[in-house]
1. Only Cα pairs within less than 10 Å get springs; with that Gaussian network setup on the chain, which residue of 67, 80, 27 has the largest fluctuation?
2. Please work out the Cα convex hull volume for the chain and give it in Å³ per residue.
3. Pick from 92, 83, 126: which is most flexible by mean-square fluctuation in a GNM of the chain where alpha carbon atoms under 10 Å apart are linked?
4. Any idea which of 14, 85, 42 is furthest toward the positive side of the dipole for the chain, if Lys and Arg beta-carbons carry +1 and Asp and Glu beta-carbons -1?
5. Can you give me the Kirkwood hydrodynamic radius for the range 66-140, using every pair of distinct Cα atoms, in Å to one decimal?
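FYI, it's all coordinate maths here, none of it is from the lab. Fair warning: this is a prediction, and the values are worked out from it, not measured in the lab. Counting neighbours? That spans all protein chains shown, and the Cβs are built from the backbone with ideal geometry, glycine included.
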Amino acid sequence: MSDNLDLNSLSKEQLKEQANILGVTLKGNPAEETIRDKLREALGEDSPSPAKPKLSDGGIAVRKGEKRYTIEIHKDGKDKQPVFLGCNGRTVRIKRGEQVTIGEGLFQSLRNATESRLDTETEEWVQVPSYPYTVLSVEE
């Protein structure tokens, strides 16, 4: 298939048809790029575009000249899902409980992620971090 067919030129319906032919299971309503990635994986091909950094391996997502923050997002007994952060088109996935280094923009996204909760003692709404974290170090 890959020798004769350019996955990037296929419509979503054509991609779904190819996934069906290859026996690739699609759940829900995946985006075209997700289907393309699954087809490439089924065919044993590498992604032609550089992958977005996924920090589940403790990697680094920092742009040149950007301040670096080494952080650890606390594990949560209720929520075991990784934390997704985004800034200016960059997105990363951070596993809870692992140390990662991120740039200032992604750090600000994490810092600004808050939610309102009712304090039962004072009966007032308070802002709390959506993802409690610890800053381990900051590098200029």
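1. Of 67, 80, 27, the Gaussian network model singles out 27 as fluctuating most.
2. Values: hull volume 23.6 nm³, N = 140.
Residue-normalised Cα hull volume stands at 169 Å³.
3. Between 92, 83, 126, it is 126 that shows the largest mean-square fluctuation.
4. The one lying farthest along the dipole's positive direction is 42.
5. Values: mean 1/r = 0.0749 Å⁻¹.
Taking every pair of different Cα atoms in the range 66-140, averaging 1/r and inverting gives 13.4 Å.
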